[in-house]
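Have a look at the structure below, then the notes.
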Amino acid sequence: MRQKLVLMKVCFEYAKQIAEYRQEFLDCGDSMDGCGSLRRIEDPFEYIQRSIDCENLETMGKDRIEKGRVPATQFMLIRETDNRLIGMIQIRHYFNDYLSKFGGHIGYSVRPSERRKGYAKEMLKMALPYCKEIGLDKVMITCIDSNVASEKTICSCGGVYESTIYEPDEKVNLKRFWISL
């Protein structure tokens, strides 16, 4: 990767770019994996505040806990040369029942206009030390079985295939991988 990249927690300074990131996915009809509630929340300021609040149980809000959410940290991948938001990655601090089967510890995405440039691999590599920092010794990541690019990204960062499982809500087969930290 030739360009300098920075992984940082979501912040209000990037509200406009987060809105543009969201819109690019909506325009392409693509999923926003690893973005938390971004698909549902139009207001980037509300999204950023919710992401910050979801970092720990005390600030998450009882309604989110009751809906089976877990604390998660939302990061952005920023390309320093032009200060552009390239990707997003969410790290879930531990599993609930759904995450242990289908979601995993990590979800991520790269904006459609910046794909196939190695950004997902770099972002995932940069996020793994944080996983260790919050006490994880291994992480699970899933991807749809037809998403060859994501599978290659996961494997290039040490992912070891475990199994494929059917996710009934989305009606997709998900490949499950583990990365030891």
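A few notes on this one:
- Look at (1) in contact (Cβ under 8 Å) with a residue 40 or more places away in the chain; (2) surrounded by 18 or more Cβ atoms within 10 Å (Cβ to Cβ) and you find that Pro71 fails only one, number (1).
- Look at region 1-28: where a residue is of a type in the set (Val, Ile, Thr) and a partner is assigned to a helix (DSSP H, G or I), sitting 6+ places away or on another chain with Cβ atoms under 6 Å, you get Val10/Ile48; Val10/Ser51; Ile18/Pro44.
- Reported count of residues in region 20-63, each being assigned to a loop (DSSP other than H, G, I, E, B), over 17 Å from the mean Cα position of the chain (by Cα) and closer than 16 Å to Ser109 by Cβ, is 1.
- Subset of region 96-116 that is touching a residue at least 40 places away in the same chain (Cβ under 8 Å) and not in a helix (DSSP H, G or I) - its residue that is farthest from Leu26 (Cα to Cα): Gly104
- Looking across region 99-127, just one residue is surrounded by fewer than 19 Cβ atoms within 10 Å (Cβ to Cβ) and of a type in the set (A, V, I, L, M), and that is Met126.
- So Lys9, is it under 14 Å from Leu85 (Cα atoms) and surrounded by fewer than 13 Cβ atoms within 10 Å (Cβ to Cβ): no
- Positions within region 12-36 being surrounded by 13 or more Cβ atoms within 10 Å (Cβ to Cβ), farther than 20 Å from Thr153 by Cβ and in contact with a helix residue (DSSP H, G or I) (Cβ under 6 Å, 6 or more places away or on another chain), in sequence order: Ala15, Ile18, Ala19
- Glu162 vs. criteria part of a strand (DSSP E or B) and either free of Cβ contacts under 8 Å to residues at least 40 places away in the same chain or crowded, with 22+ Cβ neighbours inside 10 Å (or both): yes
- Verdict on Ile86 being at pLDDT 95 or above and crowded, with 22+ Cβ neighbours inside 10 Å: yes
The values are calculated or read from the model by the stated rules, or taken from the named source; none is laboratory data. In this text, all values refer to a predicted model and were calculated from it rather than measured experimentally. Note: ideal-geometry Cβ built from the backbone for every residue, glycine included; neighbour counts use all protein chains shown.
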